[in-house]
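One structure is given below, encoded as structure tokens.
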């Protein structure tokens, strides 16, 4: 597909009309994380290898690329449902806090991680602040996501 005027309407990539909703979400997040890592423009904090992702977690993540995967997952969520901010991201990435002999309760994810990821994505011009609160995807970010979705769909069709 060329880069003519209609390219911004989501009809880009290898397959015309493929959006993020049309492809396998796990494969899409992996492909988007690889794209973010390969571009080298995502600003990764120094503390990524020493931090837990939530207070209900016992250990830090095993995957050393977790920052890129979480960023890809966050962008995907904003694509599907814009207007999400740091607070709603902590709710999405929350989980069960096990309290030993006491009953378990829900616990939110890390606010610092969510905030840093959104700030890094703003630096890439994929995400912008929404005047109604939260963050939303930029047209350029939506274009990138649809292009990667097209590549994922084409790769899954080959198999």
For the stretch 62-82, which residues satisfy the criterion of being farther than 30 Å from residue 100 by Cβ and in a loop (DSSP other than H, G, I, E, B)? 64, 65, 81, 82
Do we have any residue at all in the stretch 75-82 that's at pLDDT below 90 and surrounded by 13 or more Cβ atoms within 10 Å (Cβ to Cβ)? yes
Among strands (runs of 3 or more DSSP E) completely within the stretch 86-159, the ones holding 2 or more residues that are more than 30 Å from residue 17 (Cα to Cα) and touching a strand residue (DSSP E or B) at 6+ places or on another chain (Cβ under 9 Å) are 95-99, 102-107
Of everything in the stretch 89-111, what is surrounded by fewer than 16 Cβ atoms within 10 Å (Cβ to Cβ) and closer than 29 Å to residue 139 by Cβ? Give them in sequence order. 91, 92, 111
Please work out which one of (1) in a loop (DSSP other than H, G, I, E, B); (2) within 21 Å of residue 134 (Cα to Cα); (3) at pLDDT 90 or above is the condition residue 59 fails and give its number. (2)
Would you tally the residues in the stretch 15-42 being within 18 Å of the chain's Cα centre (by Cα), outside any helix (DSSP H, G or I) and free of Cβ contacts under 8 Å to residues at least 40 places away in the same chain? 1
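Yes/no matrix, rows are residues, columns are (1) free of Cβ contacts under 8 Å to residues at least 12 places away in the same chain; (2) buried (at least 22 other Cβ atoms within 10 Å of the Cβ):
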site	(1), (2)
129	yes, no
133	no, no
139	no, no
150	no, yes
154	no, no
By residue number, the members of the stretch 43-56 that are in a loop (DSSP other than H, G, I, E, B), touching a strand residue (DSSP E or B) at 6+ places or on another chain (Cβ under 8 Å) and surrounded by 16 or more Cβ atoms within 10 Å (Cβ to Cβ) are 53, 56
Do we have any residue at all in the stretch 28-35 that's modelled with pLDDT of 90 or more, closer than 30 Å to residue 105 by Cα and loosely packed, with under 13 Cβ neighbours inside 10 Å? no
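The values are calculated or read from the model by the stated rules, or taken from the named source; none is laboratory data. Owing to the predicted nature of the structure, the values given are computational and were not obtained by experimental measurement. Glycine also receives a Cβ, built like all others from the backbone with ideal geometry; neighbour counts cover every protein chain displayed.
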